[in-house]
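Handing you this structure, nothing more for now.
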Amino acid sequence: MANIFDLFKQISKDSGNAAAPMEYIAVGLGNPGIQYGRTRHNAGFMAIDEIAKKYGTQIDRAKFKALVGEVTISGKRVLLMKPQTFMNLSGEAVGEAARFYKLAPERVIVLSDDISLDVGKLRVRRKGSAGGHNGLKSISEHLGTDEYPRIKIGVGQKPHPDYDLASWVLSNFTDRELEDLCGAFPTVISGLEKIVSADIDGAMQICNKK
């Protein structure tokens, strides 16, 4: 049985962990509302939910115009975030959180859908343009830079070039596609763990496979 001094040490250790500064934000992009739950644009939300599940937390606290939860990944305190502003205004939530915690853009990791990749295929990038993605565009505007890491999650290309883009990203995954997507989430988590460990090259090796 632990003596009183051991208990004091544990309490002190736990208090220290609670007071540790937030070191990263991992934000999944999507649209709030059950009607968007299985849509291609919500791949980022789905990935963040899987991360929360692995680390035993809930993303259910309202803060920064988002639902958030806190986890420790690779010894670093990480805020998991699902903006509730709708996709085009995602940067409002991300910018507010980054300013509150005084985090540089390279400490903001964005998980987003990508229509240029087959369903379940992944790409890690250190930085880059929005590439027509309105959520990334909004984040870049509010952070004042596009130099932040992102994990791109493939949701499939439009059936043909004339297909309306908005209709495509707001369409539901098929059951088979959803299976392929969910199969990629363990790799997404491994990539995130590498980025939080300051090993983005390692994340690329894991995720950027053909």
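The values are calculated or read from the model by the stated rules, or taken from the named source; none is laboratory data. Just so we're clear, the structure is a prediction, and the values are computed from it rather than from any experiment. Using ideal geometry, Cβ is built from the backbone for each residue, glycine included, and neighbour counts are taken over all protein chains shown. Surface areas here come from the heavy atoms of the whole protein model, side chains and all, with no ligands, DNA or RNA. Shrake-Rupley method; radii C 1.70, N 1.55, O 1.52, S 1.80 Å.
For the range 86-177, what is the percent of antiparallel DSSP beta bridges, rounded to the nearest 5?
Counting only bridges with both partners in the range 86-177, antiparallel ones make up about 45 percent.
Still on this model: Just to be sure I understand: with springs between alpha-carbon atoms less than 10 Å apart, which residue in 164, 118, 49 has the highest mean-square fluctuation in the Gaussian network model of the chain?
Of 164, 118, 49, the most mobile in the Gaussian network model is 164.
To the nearest 500 deg cm²/dmol, what mean residue ellipticity at 222 nm is calculated for the chain from DSSP H runs of n ≥ 4 alone, each contributing -39,500 (n - 2.57), summed and divided by the residues?
-12000 deg cm²/dmol
With a cap of 16 neighbouring Cβ atoms within 10 Å, and only residues DSSP puts in a loop, list the GluC sites (Glu not before Pro) found in the range 103-210.
147
Within the accessible area of the range 14-156, what % is carbon and sulfur when the probe is 1.4 Å and the other protein chains stay in place?
That share works out to 48 percent.
Restricting to the range 14-157, what percent of DSSP beta bridges are antiparallel, rounded to 5?
The antiparallel proportion sits near 55 percent.
Further, regarding this structure: Which log10 I(q)/I(0) values, to two decimals, does the range 25-127 give at q = 0.18 Å⁻¹ under the Debye formula with one point per Cα?
Treating every Cα as an identical point scatterer, log10 I(q)/I(0) equals -0.86.
If you don't mind, there's one more thing I want to ask. For the chain, set up a Gaussian network in which alpha carbons nearer than 10 Å are linked by springs, and say which option among 37, 56, 91 fluctuates the most.
Maximum fluctuation in the GNM of the chain, among the listed residues, is at 56.
Which value, in Å², gives the accessible area per residue of the range 63-205 when a 1.4 Å probe is used on the protein heavy atoms?
Computed with neighbouring chains in place, this is 46 Å² per residue.
Averaged over all directions, how much area does the convex hull of the C-alpha atoms of the range 74-210 cover when projected, in nm²?
8.5
Quick one: Karplus J couplings for the range 50-59, per residue in order, coefficients 6.51, -1.76, 1.60, θ = phi - 60°, nearest Hz, x for Gly and Pro?
Those phi angles translate into 5, 4, 4, 4, 4, 8, x, 10, 10, 9 Hz.
Most fluctuating residue of 61, 107, 38 in a GNM of the chain with Cα springs under 10 Å: which is it?
Among 61, 107, 38, the largest GNM mean-square fluctuation belongs to 61.
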